[in-house]
Amino acid sequence: MLPSILKLNSLVQPVVIEDGIERVKIQLNDSPFSHLLLLPRVGVKTAHKIMTYRKSSQIDTVHDLLNVTGVGATTIDAMLPFIEGESK
């Protein structure tokens, strides 16, 4: 009876986020762990690897993260809009 009351095909998630929303910009060299977790495709392990990497190396551009194990071009492309000083 529930499926007849609730039309499941009408529950569609929005595909596009409004452009008017201001995005958070993250600074790779000094943002805390919790801010790195806000980046797309970055979980706990990757955020930890970024923090470990930046202890020994300066991150000048987001592409320096290619030196971090587990970070590839797809991850960088997803991060780009959210990194301060970088543009797509």
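None of the figures in this text is laboratory data; all of them are computed from the coordinates on show. On a predicted model such as this, the values are computed, not experimentally measured, just so you know. Note that each Cβ is placed from the backbone with ideal geometry, even for glycine, and that neighbours are counted across all protein chains shown.
Give me, ordered by chain and number, the residues 5 or more places off residue 26 or on other chains with an amide H under 5 Å from its own placed amide H.
So residue 26 has HN proximity to 83, 84.
Please report, in whole Å, how far the alpha carbons of the range 24-88 spread along each principal axis, starting with the longest.
Projected onto its principal axes, the Cα set of the range 24-88 covers 26, 21, 20 Å.
Arranged by the count of other C-beta atoms within 10 angstrom, fewest first, what order do 54, 41 take?
Ordered by Cβ neighbours within 10 Å, fewest first: 41, 54.
Taking 0.36 nm per residue of sequence separation and subtracting the Cα-Cα distance, how much length would be gained by fully extending the chain between residue 78 and residue 63, in nm to one decimal?
Answer, rounded to one decimal: 4.2 nm.
Can you compute the modelled spin-label distance between residue 30 and residue 56, with each label point 7 Å from Cα toward Cβ, in nm?
Spacing of the two 7 Å Cα→Cβ label points: 2.4 nm.
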